[in-house]
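The values are calculated or read from the model by the stated rules, or taken from the named source; none is laboratory data. Computed from a prediction, not measured in an experiment: that's the story for all the values here. Reconstructed Cβ throughout: ideal geometry from the backbone, glycine too, with neighbour counts over all protein chains shown.
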Amino acid sequence: MEFRGRVFKAGRIVRFSPKNAKQLVRSGQLLDVDSFRPINVIHSGVRLPDEIVILGTGPNGVPHYKQLEGKFTAGLNKAVYAMPLNIWAAQDPNLPRYKWFNDKCMALRAQKRGFDAADYKAGRWPIPMFDRTRVQKYYPWFPLTFDVTKPMLGGDPKRINVRSLRIAQGATVCGSFIQVAIHLGAKRIILCGIDMFGNVYFDGSKHKQASRKGHVWSSYKALDALIKAARDHGIDIVTVSKTALRNAPLVEL
């Protein structure tokens, strides 16, 4: 936004005089965020069903979408365009730069609902749950958040505490939401489209990192270790689609 020759970047909190603020709010250039406070979903009272699906954006998941109908599904990033979701989880700090992401966020905002724990309990879907510092700060009308922190997840399952209230980074948004889901009560997590391979998405579009073409993602080791640690603690994590992961058994629904 530009105001009197000064440029303000998206996501910045600023104060204007009431007269100027009202004018900018009416024009859509400024959002009144005083009533929007981020809420850590882990402490929000939200509880997940015992079984959930985590839907990624990999092309291997496409043949299995029909099988997921009727299941409680949390979709990651662009998977919000793949099928109807209960939860939309996002973490990549580049997402606010993409038109498809902004378009979906604005379309949801137009529904004029709370997107909070009350909306969740009423079954008003989808409910966005975004990384607070990387994504949600640009879309404050989605209050339910999660915080991804250091240290990084490593490749040793024995060093991963899946019951820690800290959501450790390093295993993609899938790893982050697995940790969130465990804290919210999920006992069986079905993965779909978590290919961890290549640079093509389910819709034929391509990842910005062309170097991923034909290669396994470097973060697969951390995600594999997290899955092993979770399974060792009684959380059943499986996959219905082919993946580079080794610790999530391939199953048929």
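Brief remarks on what is shown
- Here P63 fits the description: farther than 25 Å from I167 by Cα, assigned to a helix (DSSP H, G or I) and at pLDDT 95 or above.
- Close pairs (6 angstrom Cβ cut-off, 6 or more residues apart or separate chains): under 13 Å from P143 (Cβ atoms) in the range 103-114, in a loop (DSSP other than H, G, I, E, B) and modelled with pLDDT of 95 or more anywhere: R113/R124
- Some residue of the range 66-81 being in contact with a Gly (Cβ under 8 Å, 6 or more places away or on another chain), over 16 Å from Y201 (Cβ atoms), surrounded by 14 or more Cβ atoms within 10 Å (Cβ to Cβ) and not small (G, A, S): no
- Condition check for A186: in a loop (DSSP other than H, G, I, E, B) and either surrounded by 17 or more Cβ atoms within 10 Å (Cβ to Cβ) or free of Cβ contacts under 8 Å to residues at least 12 places away in the same chain (or both): yes
- The sole residue among I54, I42 that is more than 30 Å from E2 (Cβ to Cβ), part of a helix (DSSP H, G or I) and β-branched (V, I, T) is I42.
Residue-wise test of (1) more than 21 Å from H183 (Cβ to Cβ); (2) at pLDDT 95 or above; (3) small (G, A, S).
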position	(1), (2), (3)
F101	yes, yes, no
G114	yes, no, yes
K121	no, yes, no
Y139	yes, no, no
F142	no, yes, no
K150	no, no, no
R159	no, no, no
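- Filtering the range 207-227 to residues that are surrounded by 13 or more Cβ atoms within 10 Å (Cβ to Cβ), under 19 Å from K78 (Cβ atoms) and out of contact with any helix residue (DSSP H, G or I) (no Cβ under 9 Å at 6 or more places or on another chain) leaves H207, R212.
- Among residues of the range 206-253, those that are of a type in the set (D, E, K, R) and either part of a loop (DSSP other than H, G, I, E, B) or modelled with pLDDT under 95 (or both), counted: 7
- Residue within the range 66-80 that is outside any loop (DSSP other than H, G, I, E, B), at pLDDT 95 or above and aromatic (F, W, Y) present: no
- Within the range 103-149, the only residue that satisfies the criterion of being at positive phi and of a type in the set (K, R) is K112.
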